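J.: Attaching a single structure in structure tokens format; questions to follow.
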Amino acid sequence: MTIALCSGSFDPVTNGHLDIFERASAMFDSLIVGVFHNIKKKSFFSVAERVALLQEATRHISNLEVVSFDGLLTEYMHEAGAQVIVRGLRSVTDFEYEQNEAQLIKWMAPEIETVFLLSRPEFAYVSSSGIRELARFHGKIHGLVPNCVETAVRQRQIELESCSIDAVKSI
């Protein structure tokens, strides 16, 4: 049985991510989507919220499991029995970054393979950071993210605005 892992911060998950998950799940016996906290980024959703949103958005993919993990990717892969890393590529810039990561992982764990899947053109411009920026300025995200994510993003906006209004009132 071939187990593949697609890891990322998925903050939030986009329709481009879903496309990669759907395609990868058809290629492997089992696909694990591993959510981690990226210390280089300020999170919009907590890891637990991202896991819940991913579980809802991927409910239709029967051989997919969503988990969260800490530590090195290679260590988690060994724990999970995964042999393949799946990475989605939107651009040449993504390829350059992912190629370096794949080579480092190959050095650390020669038995692990990395597979790159190219984004479909209609998703090549969609990124989690772009979604977060659109959301902060009330831009249209419909069609770029799963419906459950759009609802959660709008709810988060209301919460953040409420906190800002409460902070101003307390001054």
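J.: Taking the Cβ-Cβ separation of residue 99 and residue 134 as r and a Förster radius of 45 Å, what is the calculated FRET efficiency to the nearest 0.05?
T.: 0.95
J.: Something else now. Could you work out how far apart the two model spin labels at residue 2 and residue 116 are, taking each label as a point 7 Å from the Cα in the direction of the beta carbon, and quote it in nm?
T.: 1.8
J.: Follow-up question, since we're still on this one. Would you list, by chain and number, the aspartates and glutamates whose Cα falls below 15 Å from the Cα of residue 42, excluding same-chain residues fewer than 8 positions away?
T.: Counting by Cα, and skipping residues close in sequence, residue 42 has these aspartates and glutamates nearby: 11, 133.
J.: How high is the relative contact order of the chain, given as a whole-number percent (alpha carbon pairs under 8 Å, six or more residues apart)?
T.: RCO, the chain: 28 percent.
J.: Would you tally the net charge around residue 51, using a Cβ to Cβ cut-off of less than 15 Å, leaving residue 51 out, and scoring K and R as +1, D and E as -1?
T.: Net of charged neighbours comes to -3.
J.: If a paramagnetic tag sat 7 Å from the Cα of residue 72 along the Cα-Cβ line, which residues of the stretch 102-118 would have the backbone N under 20 Å from that point?
T.: Residues 102-115 qualify, since their backbone N sits under 20 Å from the label point.
J.: Quick one: order 90, 23 from most to least accessible surface, probe 1.4 Å.
T.: These residues rank, largest area first, as 90, 23.
J.: Going Cα to Cα from residue 140, which aspartates and glutamates come in below 12 Å? Please leave out same-chain ones fewer than 8 positions away.
T.: 150
J.: So which aspartates and glutamates pass the test for residue 106, namely a Cα distance under 14 Å, with those fewer than 8 places away in the same chain ruled out?
T.: Of all the aspartates and glutamates, those that pass the test against residue 106 - Cα under 14 Å, at least 8 places apart if same chain - are 75, 98.
J.: Order of 110-119, 50-59 by packing, highest average Cβ count within 10 Å first?
T.: Those peptides, ordered most packed to least, come out 50-59, 110-119.
J.: Return the carbon/sulfur percentage of the accessible area of the stretch 21-102, one whole number, probe 1.4 Å, all protein chains in place.
T.: That share works out to 50 percent.
J.: Using only the Cα atoms of the stretch 104-155, build the gyration tensor, take square roots of its eigenvalues as a ≥ b ≥ c, and label the shape rounded, prolate or oblate: rounded if a/c is under 1.5, else prolate if a/b is larger than b/c, else oblate.
T.: prolate
J.: Taking square-rooted eigenvalues a ≥ b ≥ c of the alpha carbon gyration tensor, is the chain rounded, prolate or oblate, where a/c under 1.5 means rounded and, failing that, a/b exceeding b/c means prolate?
T.: Since a/c reaches 1.5 and a/b is larger than b/c, the shape of the chain is classed as prolate.
J.: Report the net charge of residues surrounding residue 105, where surrounding means a beta-carbon distance below 14 angstrom and charges are Lys +1, Arg +1, Asp -1, Glu -1.
T.: Here the charged neighbours net out to -3.
J.: Now for a separate question. Can you tally the net charge around residue 33? Count Lys and Arg as +1, Asp and Glu as -1, for every other residue whose Cβ sits under 14 Å from the Cβ of residue 33.
T.: For residues surrounding residue 33, the net value is -1.
J.: Quote the FRET efficiency, to the nearest 0.05, computed for residue 62 versus residue 37 with a Förster distance R0 of 22 Å and r equal to the Cβ-Cβ distance.
T.: In this case the efficiency is close to 0.20.
J.: Let me ask something else about it. Using the heavy atoms of the protein chains alone and a 1.4 angstrom probe, what is the accessible area of the chain per residue in square angstrom?
T.: 56
J.: For n ≥ 4 DSSP H runs only, could you compute -39500 (n - 2.57) per run for the chain, divide by its residues and tell me the 222 nm figure to the nearest 500?
T.: -15000 deg cm²/dmol
The values are calculated or read from the model by the stated rules, or taken from the named source; none is laboratory data. Worth saying up front: this structure is predicted, and the values here are computed from it rather than measured. Positions of Cβ are generated from backbone atoms using ideal geometry, with glycine treated the same way; all protein chains shown enter the neighbour counts. When the accessible area is computed, the model is the full protein with side chains, heavy atoms only, and any ligands, DNA or RNA have been set aside. Shrake-Rupley method; radii C 1.70, N 1.55, O 1.52, S 1.80 Å.
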